[in-house]
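Heads up, the thing below is written out as structure tokens.
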């Protein structure tokens, strides 16, 4: 089974990289971009064939390592 | 004083901190990150600076969950002393031993320069050789040193007197210019609740001998070895 985990910064947490990308886009003539927040995507393959138990495994992977929940949120998509 | 320096793949300041500790009179051993216990009689566990695991995922994230960190956690729970410097501070935050997180520097640059720090209290095992309010001249070298925590955590740290050092100017003023990485409340280092765990971004181990530019870092190691 395949899953995709998306980790994003929580609202209100400063994202210097996102700000730099936003400024770069504008300097490349791409107008109308009002904000950029950078995040991470993890494509994960798991042996489990049961979606519910796979989700439990992935949730614990996010809580233990993939996301720092002080500043990041995560979403799990079973694909 | 027996110090155990935990070395991770990518640690690179273990030699410098070992030298600083030995100069202060401590006995030093190095412990590889796969060890599950610290040597008998360890008084101080040290997490040195560097780029553990290449800073992959997040700085300190993988090292914070290494086998040896369980031993460090148990040592801290027994009241043992722990210090994390630079990457070591990031590891302490990622391991849950200290609250908050070190984010990318506010101006996105890796900063590497001499840095004045204001010593916030001199009644701990790490700072007894300094005076409260003393300004010390050390160094910083990091890309992710921007201390962040939620408002409740910051209020708790401040209320409990757990800020160890702040970035300041030479007179001890907390200016925006002195706080180059953008840390909340100019925080350069914090203590755990029982004041036995210290995490700090600056490098006191850089300045223990006049030959290399300064000796203000000595006080920290002398406090520990006293």
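Miscellaneous remarks
- Only helices enter the 222 nm calculation for chain A: every DSSP H run of n ≥ 4 contributes -39,500 (n - 2.57), and dividing by all residues gives -9000 deg cm²/dmol, rounded to 500.
- Within region A:2-78, the proportion of C-alpha pairs whose separation exceeds 14 Å stands at 65%.
- The angle between the Cα long axis of helix A:16-27 and the longest principal axis of the Cα atoms of chain A comes to about 50 degrees, rounded to the nearest 10.
- Share antiparallel - DSSP beta bridges, the protein assembly as shown, percent rounded to 5: 70 percent
- Mean-position separation - Cα centroids, region A:1-58 and region B:188-203, in angstrom: 31 Å
- Region B:2-225 - Rg over Rh from alpha carbon coordinates, Kirkwood radius: 0.93
- Inter-chain Cβ neighbour average for residues A:11-21, partner chain, 10 Å: 3
- Three-way shape call for region B:18-141 based on the alpha-carbon gyration tensor, with the a/c threshold at 1.5: oblate
- Shape category assigned to region B:1-53 from the gyration tensor of Cα positions, a/c cut at 1.5: oblate
- Fewest-first ordering of B:104, B:73, B:109 by other beta carbons within 10 Å of each residue's beta carbon gives B:109, B:73, B:104.
- Between 0 and 90°, nearest 10: helix A:51-61 axis offset from chain A longest Cα axis: 60 degrees
- The Cα atoms of region B:101-226 give a gyration tensor whose axes a ≥ b ≥ c have a/c of 1.5 or more with a/b no greater than b/c, which makes the shape oblate.
- Helix-only mean residue ellipticity at 222 nm for chain B, each DSSP H run of n ≥ 4 adding -39500 (n - 2.57), per residue, nearest 500: -6000 deg cm²/dmol
- For the segment A:66-75, counting C-beta atoms of other chains within 10 Å of every residue's C-beta and taking the mean gives 4.
- Take every Cα pair under 8 Å whose residues are at least 6 apart in sequence, average their separation, divide by the length of chain B, and the relative contact order is 21 percent.
- Region B:37-75-region B:134-178 distance, computed between alpha-carbon centres (Å): 23 Å
- Antiparallel DSSP beta bridges within chain B, as percent of all bridges there, nearest 5: 60 percent
- Taking the fewest neighbouring Cβ atoms within 10 Å as the starting point, the ordered list for B:195, B:117, B:81 is B:195, B:81, B:117.
- Residues B:83, B:136, A:30, B:154, sorted so that the one with the fewest Cβ neighbours within 10 Å comes first: A:30, B:154, B:136, B:83
- Only Cα sites of the protein assembly as shown enter the Debye sum here, all with the same form factor; the resulting log10 I(q)/I(0) across q = 0.15 1/Å is -1.18, listed in q order.
Quick note: the coordinates plus some simple rules give every number you see, no bench work behind them. Just so we're clear, the structure is a prediction, and the values are computed from it rather than from any experiment. All Cβ positions, glycine included, derive from the backbone under ideal geometry; neighbour counts span all protein chains shown.
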